[in-house]
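This report concerns only the one structure given below.
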Amino acid sequence: MRAALGALRKALLEAEAGSAAVLDRVPPENLASARNLVHYLELRRHDLRALQGELTEHGLSSLGRCEAHALATLDAVIGVLDCLEGAGAWDARPNPGFAESRRVQAMRTEALLGDHPAERTARLMVTAPSEAAENPALLEQMLAAGMECLRINCAHDDPGAWEAMIGNARRAEERTGRPCRIQMDLAGPKLRTGPLPPGPAVVKVRPQRDELGRVVEPARVWLTAAERPAAPPQPASATLPVPGAWLAALPGSGSLRLRDARGRRRVMKLAGGAEGGRWALLQRTAYILEGTIVSLEDATPLSAAVGPLTPLPGSLRVRPGDTLRLTRRQDGGDPARQAIPCTLGEVFGAVRPGEPIWFDDGRIGGTIGATGADEVQVHVSHTRPNGGRLRADKGINLPETDLSAGAVSPPDEHVLALAARDADAVGLSFAERADDLHRARAILDREGGAHVGIVLKVETDRGFRALPELLLAGLEHGAPVGVMIARGDLAVECGYERLAEVQEEILWLAEAAHVPVIWATQVLESLAKTGQPSRAEITDAAMAARAECVMLNKGPRVLDAIRTLDDVLVRMDDHQRKKQSLLRELRSFPEVGVPAA
């Protein structure tokens, strides 16, 4: 064991010497962290499982918790072995030790994410919904529920909305007395599907039915004047604009008849009114088109046409075996040819036949076929059993294609200027090269944002494999740096079966560099969207406590999700610190032989 550990120690020091050119660029205050990352990477290039078993049998550290202090852990074990052999005290090399590593990790986390709350160490980040720009009270409620960090996704909304969100967040801090860090995520190179021609202007209206298909509640249709439409005062199944004069002439009760898009006869019963419109109840499902004639059932029919309806988003229906075409043109796809635009022109010169391609978070997949300067064919192999619909503005993943586009696109430079003035951190989307980080850092510094941190969003397989390079590049600067495990795109890029392994490796490398981690994507997503979490989501949230911050996405029940996540993180804080299980006393079980109270 002593010989094996000595050889391992020698390998770590040789790796440090071989990385001198990189380490020389790191400032003194970050040098210990950079050296430890190099040591840990070298340590994990060896298969230590047999040695771990021997160490454990002798009551020694198995090296399984050495991420933050790799060489110090080796030195401690070697020192114990030398003492047992009577060789005297071991002259350990100065390194970030156990207490120092924890101190540096905590300092870096506070610099990026702020102080942790009294009850837990993991911070809670929430993606700002669009209504946060117009509803200051929502941000106050989110802070009161337990949020510490607000994430603004700059791939959505616009600069005016972002500034309104930031202003509302700062005012919410003052009103609640709770601090709120703000992170602005760059859109990055926008590799998405482009526009498609809109679908039909139709609305589907259906009543609620029980398990036997019987109507338990009719559909509530809100009729409002097309000239001055009013929002329904209560939840409605559908809103139909109709001529105001016709609406005003309707009697207090009666029936309205129509033929829907399928030619089916349907009847709606008038059911009172409110300011701005009338209610009608529908007992059978109907597909109502713009221009559908609605008539009062009377001896002298009073008729009117349904006014303008919002067209459905355009889509392509694809099945395994279909040929999908990606086009460079951005003026709308061609459903007849199964053609859809691609927003990033670099794709057409980069893809090669046989490479995999995925759409819409992996819901549709295939391989690249024939390629051209303006069009690429995709042979579809993966969809839902009955096919899938591909719409505009859906993500495209090319796991094996080497794209030349950098992580900082020209529009991102304007976001960085705004972030330099108003934000605490920037999320560097699709980070894959050290140059991506250096460029973002240079723009922030130029715009007066030297204090603004950068969060490396690991979203692609290339970004994951480049993580050591990215971490060392982050340590070259004095500003805070962190890592986000962006599990949505990452799962598509690396494969869902590898995601658990990949996210563990990201946690280990970030801890070795003493850099905080944000655990993101689909945390309590069902709860945030529907109000009901799955069992697997609760377990996932508990595992997320090993990160320094956990991120929730927006949803109509996001306040419930914040409260639940806060509760889970508080509970886990007594049991887990990073990878280390904490031996707090167990309170769930009675003493053996003593009846439970």
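The values are calculated or read from the model by the stated rules, or taken from the named source; none is laboratory data. Just so we're clear, the structure is a prediction, and the values are computed from it rather than from any experiment. All Cβ positions, even for glycine, are placed from backbone atoms using ideal geometry, and neighbour counts span all protein chains on display.
Numerical summary
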| quantity | calculated |
| --- | --- |
| Sole residue being at pLDDT 95 or above, in the same structural domain as ASP567 (by TED's automatic domain parsing) and either assigned to a loop (DSSP other than H, G, I, E, B) or touching a His at 6+ places or on another chain (Cβ under 6 Å) (or both), chosen from MET147, MET165 | MET147 |
| Selected residue (criterion: surrounded by the most Cβ atoms within 10 Å (Cβ to Cβ)) from residues of segment 10-54 that are polar (S, T, N, Q) and either assigned by TED's automatic domain parsing to the domain that holds ALA510 or over 33 Å from the mean Cα position of the chain (by Cα) (or both) | SER19 |
| Tally of residues being under 24 Å from GLN141 (Cβ atoms) and either β-branched (Val, Ile, Thr) or modelled with pLDDT under 95 (or both) across segment 180-209 | 1 |
| Residues within segment 533-571 that are buried (at least 20 other Cβ atoms within 10 Å of the Cβ) and among the aliphatic types (A, V, I, L, M), tallied | 13 |
| Qualifying position, being among the aliphatic types (A, V, I, L, M), closer than 25 Å to PRO198 by Cα and free of Cβ contacts under 8 Å to residues at least 40 places away in the same chain, among ALA431, ALA336, ALA370 | ALA336 |
| Selected residue (criterion: nearest to THR193 (Cα to Cα)) from residues of segment 137-154 that are in contact (Cβ under 8 Å) with a residue 24 or more places away in the chain and surrounded by fewer than 17 Cβ atoms within 10 Å (Cβ to Cβ) | GLN141 |
| Leading residue by the ranking (farthest from GLY177 (Cα to Cα)) among those in segment 125-144 that are assigned to a helix (DSSP H, G or I) and of a type in the set (Gly, Ala, Ser) | SER130 |
| Filter result for the condition that a residue is under 20 Å from ALA34 (Cβ atoms), in contact with a strand residue (DSSP E or B) (Cβ under 9 Å, 6 or more places away or on another chain) and free of Cβ contacts under 8 Å to residues at least 60 places away in the same chain, over LEU444, LEU456, LEU471, LEU490 | LEU456 |
| Count of residues meeting criterion [in a helix (DSSP H, G or I) and without any contact (Cβ under 8 Å) to a residue 12 or more places away in the chain] in segment 506-542 | 4 |
| Flag if VAL415 is crowded, with 19+ Cβ neighbours inside 10 Å, in contact (Cβ under 8 Å) with a residue 24 or more places away in the chain and not assigned by TED's automatic domain parsing to the domain that holds GLY332 | yes |
| Output for segment 285-302, where each listed residue is of a type in the set (S, T, N, Q) and touching a residue at least 40 places away in the same chain (Cβ under 8 Å) | THR285 |
| Answer from ARG462, ARG433, ARG421, ARG487 - the residue that is of a type in the set (D, E, K, R) and closer than 22 Å to ASN30 by Cα | ARG433 |
